[in-house]
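J.: This is the structure I want to talk about, given as structure tokens.
The values are calculated or read from the model by the stated rules, or taken from the named source; none is laboratory data. Quantities reported herein were computed from a predicted structural model and do not represent experimental measurements. For neighbour counting, all protein chains shown are included, and Cβ atoms are generated from backbone atoms with ideal geometry for every residue, glycine included. SASA here: full protein model, heavy atoms, side chains in, ligands and nucleic acids out. Shrake-Rupley method; radii C 1.70, N 1.55, O 1.52, S 1.80 Å.
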Amino acid sequence: MSSPPTPQAGHVIAGSDAPEKPQLRVGFIALTDCAPLVIAVARGYDRKYGLEIVLQRQPSWAAVRDRLLSGDLDASHALYGLGYGIQLGLGGPQRDMAMLMSLNQGGQAITLSRALGSQARSGAALARVIHGSPERPTFAHTFPTGSHAMLLYYWLAAHGIHPLHDVRSTVIPPPQMAEALRRGDVDGYCVGEPWNALAQSEGKGITVALTSEVWPNHPEKVLACTRDFADRHPNTARALIMALLEACRYLDVPAHREEAASWLALPDFVDAPRDVIASRLLPEKAMDSSAPGIRFFADGEANFPYLSDGMWMATQYRRWGMLREDPDYLRVAQSINRLDLYREAAAQLGVAVPVSTMRSSRLIDGRTWDGGHAAGYARGFDIRA
């Protein structure tokens, strides 16, 4: 492994634009999609914008939540739904949150144990197995309001499996998933890479679906902080977005993903075999037909904090009974997603920003989500709480 590259010269933030808090404690979970944070530090993009990012690996998403709320972390790599869950007071203390940018889209998967996967290599086959057995299999996700839980539920329901009745669910931190599968604690899970690829490479499990099959280019990890932090440190937040936008743009180049795989494999970061990480970070490295479908930049399309993405999370909380009433979906998203800071940062880098704050997507069940009629959309599913 070479030494970190020398920071690139060129952009100076000083005077009234200088970060109010230059040294930042930024959390992350050991996942392939923490790559933008690792690259931002390794290539000196943080120092380019007057920051020093001190990365702090966290053991679980619950720890990320707790340390953001206590102020032990200034910001963090976070599940899209983590901030929304906190904002809506689901499963913990309510606090106003801020989502500064999307770090990636896609790149997660659903893996079954060898025993279950040998009977079912698809959602339709899994439905036949489950409906033909008196036993309820146990599936793990990583956080109750997170994207893994919502995408797993959506995938199951799209195949006629009720996630609240036909299966049991539990929460396990991402790095512990493969071992839980080996011990027989769970029969399957939805998680980010490399923990699906690792289970498959070690013969513990079989990946049966990519989350990009559920929703192509679905929202995934974000850069999150409390609203209070963003309001008190707008220059810092803007500089942090700029550093990470540069890192995301860097990761669009395949050769740079090769470099990222080497960095991520180190014990301080993901601490997993480099080839396993590369197998689903670089499509051509896959030994099977799996394609990672992970986007870090895509000319900024992957980074814009679309309001419709956050609103979709809230519709799923309503669908599964986590919200008793419909919230004002648009107002919730407008209060969390910091479009103002993102647009200012993107403009300084010349990164294109979409005109609309909504995007239209077609999901696995054929339904289209475009941010319109959210309450009706949430009530429109046959399988729901």
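J.: Evaluate the stretch 42-59: report whether one residue or more is over 27 Å from I294 (Cβ atoms) and modelled with pLDDT of 95 or more. Steps first, answer last, please.
T.: At the first step, the residues of the stretch 42-59 found to be over 27 Å from I294 (Cβ atoms) are 50, 52.
Next cut, modelled with pLDDT of 95 or more only: 50, 52.
Yes, some residue in the stretch 42-59 is over 27 Å from I294 (Cβ atoms) and modelled with pLDDT of 95 or more.
J.: Any chance the stretch 130-143 includes a residue that's among the aliphatic types (A, V, I, L, M) and assigned to a loop (DSSP other than H, G, I, E, B)? Outline the logic, then answer.
T.: Step one: list which residues in the stretch 130-143 are among the aliphatic types (A, V, I, L, M), which gives 130, 140.
Checking the rest, the ones that are also assigned to a loop (DSSP other than H, G, I, E, B) come to none.
No.
J.: Take the residues of the stretch 207-220 that are open to solvent by less than 10 Å² (accessible area, probe 1.4 Å) and not in a helix (DSSP H, G or I): which is nearest to T142 (Cα to Cα)?
T.: Here is the first cut: in the stretch 207-220, the residues open to solvent by less than 10 Å² (accessible area, probe 1.4 Å) are 209, 211, 214-215, 218-220.
Cutting the leftovers down to not in a helix (DSSP H, G or I) gives us 209, 215, 218-220.
Values: A209: 17, W215: 18, H218: 17, P219: 16, E220: 13 Å.
Among them, the one singled out is E220.
J.: Considering the stretch 295-323 alone, what residues qualify as being of a type in the set (F, W, Y), touching a residue at least 60 places away in the same chain (Cβ under 8 Å) and more than 11 Å from R384 (Cβ to Cβ)?
T.: Passing the criteria: F296, F304, Y306, W312, Y317.
J.: Give me the pairs, please: first residue somewhere in the stretch 338-352 and without any contact (Cβ under 8 Å) to a residue 40 or more places away in the chain, second residue anywhere and open to solvent by 40 Å² or more (accessible area, probe 1.4 Å) and in a loop (DSSP other than H, G, I, E, B), beta-carbon distance under 9 Å, and either six or more positions apart or on two chains.
T.: Short answer, once both residue conditions are applied: L339/V353; R343/V353; A347/V353.
J.: Kindly provide the set of residues from the stretch 144-163 that are open to solvent by less than 40 Å² (accessible area, probe 1.4 Å) and in a loop (DSSP other than H, G, I, E, B), ordered by number. Spell out how you get there, then give the answer.
T.: First, pick out the residues of the stretch 144-163 that are open to solvent by less than 40 Å² (accessible area, probe 1.4 Å): 145-157, 160-163.
Across the stretch 144-163, the qualifying residues are T145, G146, G160, I161, H162, P163.
The rows are residues; the columns are (1) in a helix (DSSP H, G or I); (2) without any contact (Cβ under 8 Å) to a residue 12 or more places away in the chain; (3) open to solvent by less than 10 Å² (accessible area, probe 1.4 Å).
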{"position": "K21", "(1), (2), (3)": "no, no, no"}
{"position": "R25", "(1), (2), (3)": "no, no, no"}
{"position": "V54", "(1), (2), (3)": "no, no, no"}
{"position": "V64", "(1), (2), (3)": "yes, no, yes"}
{"position": "L68", "(1), (2), (3)": "yes, no, yes"}
{"position": "Q94", "(1), (2), (3)": "no, yes, no"}
{"position": "M99", "(1), (2), (3)": "no, no, yes"}
{"position": "L112", "(1), (2), (3)": "no, no, yes"}
{"position": "A124", "(1), (2), (3)": "yes, no, no"}
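J.: What is the residue count in the stretch 358-385 for residues that are in a strand (DSSP E or B) and out of contact with any Leu (no Cβ under 8 Å at 6 or more places or on another chain)? Walk me through it before giving the result.
T.: Here is the first cut: in the stretch 358-385, the residues in a strand (DSSP E or B) are 361-362, 368-369.
From what's left, out of contact with any Leu (no Cβ under 8 Å at 6 or more places or on another chain): 361-362, 368.
Counting residues in the stretch 358-385 that are in a strand (DSSP E or B) and out of contact with any Leu (no Cβ under 8 Å at 6 or more places or on another chain) gives 3.
Listed here are the residues, each with its yes/no results for (1) at pLDDT below 95; (2) closer than 21 Å to D309 by Cβ.
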position: A14; (1), (2): yes, no
position: V26; (1), (2): no, no
position: L37; (1), (2): no, yes
position: R67; (1), (2): no, no
position: Q87; (1), (2): no, yes
position: L90; (1), (2): no, yes
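J.: On to the next question. Restricting to the stretch 341-357, name every residue that is assigned to a helix (DSSP H, G or I), open to solvent by 70 Å² or more (accessible area, probe 1.4 Å) and not small (G, A, S). Give the derivation first.
T.: Applying the first criterion (assigned to a helix (DSSP H, G or I)) to the stretch 341-357 yields 341-349.
Filter again for open to solvent by 70 Å² or more (accessible area, probe 1.4 Å), leaving 343-344, 347-348.
Hits for the stretch 341-357 are R343, E344, Q348.
J.: Inspect the stretch 77-86 for any residue being in contact with a strand residue (DSSP E or B) (Cβ under 6 Å, 6 or more places away or on another chain), of a type in the set (S, T, Y) and assigned to a helix (DSSP H, G or I) and give the result as yes or no.
T.: First pass over the stretch 77-86, keeping only residues in contact with a strand residue (DSSP E or B) (Cβ under 6 Å, 6 or more places away or on another chain): 77-78, 80, 83, 86.
Imposing the further condition that a residue be of a type in the set (S, T, Y) reduces the set to 80.
Retained after the next criterion (residues that are assigned to a helix (DSSP H, G or I)): 80.
So far as the stretch 77-86 goes, yes, one or more of its residues are in contact with a strand residue (DSSP E or B) (Cβ under 6 Å, 6 or more places away or on another chain), of a type in the set (S, T, Y) and assigned to a helix (DSSP H, G or I).
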